[in-house]
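The values are calculated or read from the model by the stated rules, or taken from the named source; none is laboratory data. All values derive from a computational prediction rather than experimental measurement. Counting neighbours? That spans all protein chains shown, and the Cβs are built from the backbone with ideal geometry, glycine included.
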Amino acid sequence: MSAHLGSITGSRVQMRNLTKEYGIVRAVDNVSLDIEPGEFISLLGPSGSGKTTALMMLAGFERTTSGTIHIGEQDVTLVPPFARGIGMVFQSYALFPHMSVYDNISYPLKLRRMSKLEIDERVRRAMDMVKLPPDKFANRLPQQLSGGQRQRVALVRALIYEPHVLLMDEPMGALDKNLREELKLELLSLQERLRLTIVYVTHDQGEALMLSNRAAVMRDGRIEQVANPEALYRRPQTEFVANFLGEANLVPVEQSSEREFTLPDGQVVRSSPDISVDPSQSYLLLLRPEEIEVCAEAEAMLRGRIQSTVYLGSSIRIDVDTPIGVLTVVAKPNQSRRFERNQIVGLRFATGDAVLVPKEARAG
Ligand SMILES: Nc1ncnc2c1ncn2[C@@H]1O[C@H](COP(=O)(O)OP(=O)(O)OP(=O)(O)O)[C@@H](O)[C@H]1O
Ligand SMILES: [Mg+2]
């Protein structure tokens, strides 16, 4: 590989009908996903949904039970990890504790028998890239670094031999909120410059929404929906995705005509024309908290009693008991307006372009 860090371009990654079984546990169940060259894709899902297992199969650390993996043009299903052209960053930094930052980073290059001079040039350039000036950090041991700095070293070590695909498993998991925000921005700018393909595992929907070109929402080993962040948030196709991608008010509705649906209090909403409705299916109206406005009672569609309020700094989260159920609303704090328990408030929301999701059948 002769390309320098500045010119890496990612490979296409294709998973075809991937399944992984551990005895009777089917950790990944017939997953197919095409990832574009240079795409940042997240595998997003709750604990145990199969994200790590899918990533480990991509990396080659787990064998597939069935299905195939292509990276670029090559079928890598049976290719060992080191020959797949991938870099990997784990949740726990996995640095060698007894080696300096410099040695940790240069290790993969030494394995590849690169000249000392070239190694030195690459390590220094890479450290600059993630804002770890070599003169300050090269000789430190991992234990002499903060968590965020350690994670940057792990990132550089994964990038140093110029992989075409970078796999990351909850890389921010051990970091505090500010460090996470900082590293996320850095990762975005790295991605912009390097344009490598990134598969990023997380259970944090905010992370996935912020970082990804697309996210695949996983549940019980399967992909429930793959889409860009806005589509996942605004047009979830299932109740599970609606709930997983942030707070969701889901109000039961009855279909009254082709595009009209009646709320429990008799009011009518019109569904978005791009939502196809199956008459034999029950639907829920999705209202994100920020889509509901607290307003004067005279202008309200609904009146309700405040059940609880939570102060969040830049906003206030309010649960309001209304004739169509308890609705969670997010309001801006305002000097002149206070919200208190048991207060009666008016609410309104748009009744056109309503987003409906199929109600999930539940056992019992
Ligand atoms: N080596 C193993 N042997 C048996 N079952 C396993 C093994 N590894 C994973 N599993 C099971 O496979 C399922 C998926 O696990 P996986 O680690 O992929 O989940 P995950 O989505 O990464 O979860 P988390 O967010 O908690 O990391 C789980 O039910 C898990 O218990
Ligand atoms: Mg995991």
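With respect to the stated conditions, residue 46 is loosely packed, with under 14 Cβ neighbours inside 10 Å and touching a Phe, Trp or Tyr at 6+ places or on another chain (Cβ under 9 Å). Going by the conditions given, is residue 230 more than 20 Å from residue 204 (Cβ to Cβ) and among the acidic types (Asp, Glu)? The answer is no for residue 230. Taking each residue of region 83-102 that is assigned by TED's automatic domain parsing to the domain that holds residue 157 and looking for partners that are among the charged types (D, E, K, R) and within 16 Å of ligand 1 (Cβ to nearest atom) with beta-carbon atoms closer than 7 Å, six or more apart or interchain, yields 90/169; 91/169; 91/170. Meeting the requirement of 1 or more residues that are touching a Pro at 6+ places or on another chain (Cβ under 7 Å), the strands (runs of 3 or more DSSP E) wholly within region 308-364 are 316-322, 325-331, 355-358. Taking helices (runs of 4 or more DSSP H) as the structural unit, those lying wholly within region 74-155 and holding at least 1 residues that are more than 16 Å from ligand 1 (Cβ to nearest atom), at pLDDT 90 or above and among the aromatic types (Phe, Trp, Tyr) correspond to 101-111, 134-137. Checking each residue of region 308-325 against the condition of being of a type in the set (S, T, N, Q) and touching a helix residue (DSSP H, G or I) at 6+ places or on another chain (Cβ under 7 Å) gives no match. Of all the residues in region 319-341, those that are loosely packed, with under 15 Cβ neighbours inside 10 Å and at pLDDT below 95 number 9.
Given the criteria loosely packed, with under 13 Cβ neighbours inside 10 Å and closer than 29 Å to residue 173 by Cα, does residue 90 qualify? It is false that residue 90 is loosely packed, with under 13 Cβ neighbours inside 10 Å and closer than 29 Å to residue 173 by Cα.
Here's the yes/no breakdown for (1) over 13 Å from residue 222 (Cβ atoms); (2) away from ligand 2 (no atom under 16 Å from the Cβ); (3) surrounded by 15 or more Cβ atoms within 10 Å (Cβ to Cβ); (4) assigned by TED's automatic domain parsing to the domain that holds residue 186:
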| position | (1), (2), (3), (4) |
| --- | --- |
| 28 | no, no, yes, yes |
| 36 | yes, yes, no, yes |
| 58 | yes, no, yes, yes |
| 61 | yes, no, no, yes |
| 74 | yes, yes, no, yes |
